[in-house]
Amino acid sequence: VALELGGNAPFIIFNSADVDKAVDGLMASKFRNTGQTCVTANRILIQDGIYDQIMETILPKIKAMKIGNGLEAGVTQGPLINERQQERVKRIVEESIEVGANLVLGGKVLNNGFEPTILTDVKEDMACWAEEIFGPVMSVIKFSSEEEAVRMANDCDRGLAAFFYSKDSSQIHRVSAALEAGMVGANHVAISVPEAPFGGYKTSGIGKEGSKHGLAEYSNIKLIVQNHN
């Protein structure tokens, strides 16, 4: 049996990151399919030395998004899966604002979708951080140290995917090893390919899909010991 049971992926941007590449990666990971994928970046951690640059760069890109029928020219964000999910995303955003999150952009149901939304001043016990949103909501925490970022990223009962941006090669090796996720993207967000194992840690599921490791889930391994003497 192989089960993929979702995630609540962290997306970490360290001070050494290339701002434009990090923002492009975050846009692709957070808003692909209107935030409705199992490896969507949900918990955004930005280091204090680069925080303002990242926010200033990404804000106009999110503002420029157009919600509507995906068959129409210029539309970049489509509907949420159903009305119940619209209400769920709305509830998560409203609950988080009620306990102190700062609404920078969006926050409302729009037709059969939801406005691309940015929440800052987020705390780890808020609904927008603790729950897998499955919608176009970017929940942001500012951090100071690598150790703090890794701790927050791992402080989750799920561990499907994790992403981070850094130009420090030593940091890339350290953080890649430290993150408790079955798939890690370092300066890269397109992590799913048929030849690579797809699966996570903790309550994100059991087993793997894809690659030879995925075939093993549907195989019985047999040991045969022979003596020819």
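The values are calculated or read from the model by the stated rules, or taken from the named source; none is laboratory data. Predicted model only: the values in this text are computed from it and were never measured. With ideal geometry, Cβ positions are generated from the backbone for all residues, glycine too; neighbour counts draw on all protein chains shown. These area figures cover heavy atoms from the full protein model, side chains too; ligands, DNA and RNA do not enter into them. Shrake-Rupley method; radii C 1.70, N 1.55, O 1.52, S 1.80 Å.
Overview of results
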{"quantity": "Vicinal HN-Hα couplings computed from phi for segment 104-119 (Karplus, 6.51 cos²θ - 1.76 cosθ + 1.60; Hz; Gly/Pro x)", "calculated": "8, 7, x, x, 10, 5, 9, 6, 9, x, 8, 4, x, 10, 10, 10"}
{"quantity": "Solvent accessible area, Å² - Phe164, 1.4 Å probe, full protein context", "calculated": "0"}
{"quantity": "Label-point gap, in nm, between Glu72 and Ser145 - each point 7 angstrom along Cα→Cβ", "calculated": "5.1"}
{"quantity": "Probe 1.4 Å - accessible area at Lys208, Å² to nearest ten", "calculated": "50"}
{"quantity": "With all protein chains modelled, accessible area of Arg32 [1.4 Å, Å²]", "calculated": "130"}
{"quantity": "Three semi-axes of the equivalent ellipsoid, segment 100-229, Cα gyration tensor, whole Å, largest first", "calculated": "37, 20, 14"}
{"quantity": "Considering only segment 105-196, percent of DSSP beta bridges that pair antiparallel, nearest 5", "calculated": "30"}
{"quantity": "Heavy-atom accessible area order for Lys90, Lys63, largest first, 1.4 Å probe", "calculated": "Lys63, Lys90"}
{"quantity": "Neighbour net charge for Tyr165 - beta-carbon separation under 12 angstrom, K R +1, D E -1", "calculated": "-2"}
{"quantity": "Local electrostatic count at Asn154 - Lys and Arg +1, Asp and Glu -1, tallied over other residues with Cβ under 15 Å", "calculated": "-2"}
{"quantity": "Order of exposure, largest accessible area first, which applies to Tyr51, Tyr201 with probe 1.4 Å", "calculated": "Tyr201, Tyr51"}
{"quantity": "Relative contact order (%) - segment 49-142, alpha-carbon pairs under 8 angstrom, separation at least six", "calculated": "22"}
{"quantity": "Range of Cα positions in the chain per principal axis (Å), largest first", "calculated": "77, 41, 35"}
{"quantity": "Helix-only mean residue ellipticity at 222 nm for the chain, each DSSP H run of n ≥ 4 adding -39500 (n - 2.57), per residue, nearest 500", "calculated": "-9000 deg cm²/dmol"}
{"quantity": "Ellipsoid semi-axes in whole angstrom, largest first, where each is sqrt(5λ) of the Cα gyration tensor of segment 1-101", "calculated": "24, 19, 16"}
